[in-house]
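Read through the structure below, which is laid out as structure tokens, and then see the notes.
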Amino acid sequence: MTDWTIRDERPGDEVAVAALLRDAFGGPGEAALVAALRDAGAAPVSLVAAADDGTIVGHVLFSPLAVERGGVEIAAAALAPLAVDAAWRRRGIGAALCETGIGRCRDLGLAGVTVLGDPAYYRRFGFDPALAAPLLCPWSGPHLMALEFAPGALGGAGRLRYHTAFEDLA
Ligand SMILES: CC(C)(COP(=O)(O)OP(=O)(O)OC[C@H]1O[C@@H](n2cnc3c(N)ncnc32)[C@H](O)[C@@H]1OP(=O)(O)O)[C@@H](O)C(=O)NCCC(=O)NCCS
């Protein structure tokens, strides 16, 4: 039994999600990114972790990502950001948000998911820096990871096109 559940973000959650993100990241950048993606209708998967009293204690967002390869565009998703309230960490909430969201992306028929973060955390969900190595974007490097839902779905050289809301972060 846990004293929290994962559910879709819904209207009315915006202020609490923004406060959570500002606290978790120590600044306004990620809250602004989430607001911009949400306002643009570019948040196909946005989940919150809610404590039993309704308080929002975690959030994750997956936005549309195009993998451009040889004139073809492959539909994928970018996981960003992920945050859990400091008082609620190390209980599996971050993992539940990631795993539920990844499952949603698979159900949407997407080819895979990328994330920029610490491989020590994200490898447990199947994210692999080697798979992302041939994928070019402003954040290419050892912290860019990819997970594909079928062998070869994302692999190989390509260019990642994030939603324009990410341009402020590049
Ligand atoms: C990263 C974060 C979402 C994890 O949330 P969480 O609910 O504590 O995650 P889980 O309970 O699923 O996993 C916790 C485990 O991950 C580990 N972990 C957390 N961040 C890690 C990191 N950057 N590198 C390696 N391990 C990490 C914890 O030590 C813990 O390990 P344990 O289970 O052996 O004790 C949370 O720490 C957070 O919000 N951090 C601030 C914002 C942030 O950095 N977000 C990620 C941006 S890429």
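The values are calculated or read from the model by the stated rules, or taken from the named source; none is laboratory data. Owing to the predicted nature of the structure, the values given are computational and were not obtained by experimental measurement. Here the Cβ positions follow ideal geometry from the backbone for every residue, glycine too, while neighbour counts run over all protein chains shown. When the accessible area is computed, the model is the full protein with side chains, heavy atoms only, and any ligands, DNA or RNA have been set aside. Shrake-Rupley method; radii C 1.70, N 1.55, O 1.52, S 1.80 Å.
Take L160 and decide whether it is open to solvent by 70 Å² or more (accessible area, probe 1.4 Å), more than 10 Å from the ligand (Cβ to nearest atom) and touching a strand residue (DSSP E or B) at 6+ places or on another chain (Cβ under 6 Å). No: the conditions fail for L160. The set of residues in region 104-121 being more than 7 Å from the ligand (Cβ to nearest atom), open to solvent by 20 Å² or more (accessible area, probe 1.4 Å) and not basic (K, R) consists of D107, L108, G109, L110, P119. Would you check if A31 is assigned to a helix (DSSP H, G or I) and either of a type in the set (F, W, Y) or closer than 19 Å to R161 by Cβ (or both)? No, not satisfied. If you go through region 67-85 and keep only what is within 16 Å of A31 (Cβ to Cβ) and among the small types (G, A, S), you end up with A80, A83. The residues in region 52-80 that are within 16 Å of the ligand (Cβ to nearest atom), open to solvent by 10 Å² or more (accessible area, probe 1.4 Å) and over 16 Å from D8 (Cβ atoms) can be counted, and the count is 2. Taken together, the residues in region 2-18 that are open to solvent by less than 40 Å² (accessible area, probe 1.4 Å) and aliphatic (A, V, I, L, M) amount to 2. When the strands (runs of 3 or more DSSP E) confined to region 56-170 are screened for residues that are without any contact (Cβ under 8 Å) to a residue 12 or more places away in the chain, none reaches at least 3 such residues.
Restricting A36, A31, A86, A43 to those that are near the ligand (Cβ under 9 Å from one of its atoms) and either surrounded by 14 or more Cβ atoms within 10 Å (Cβ to Cβ) or modelled with pLDDT of 95 or more (or both) reduces the list to A86.
When you scan region 132-141, do you find a residue that is open to solvent by less than 60 Å² (accessible area, probe 1.4 Å), more than 8 Å from the ligand (Cβ to nearest atom) and within 30 Å of M1 (Cβ to Cβ), even just one? No, every residue in region 132-141 fails to be open to solvent by less than 60 Å² (accessible area, probe 1.4 Å), more than 8 Å from the ligand (Cβ to nearest atom) and within 30 Å of M1 (Cβ to Cβ).
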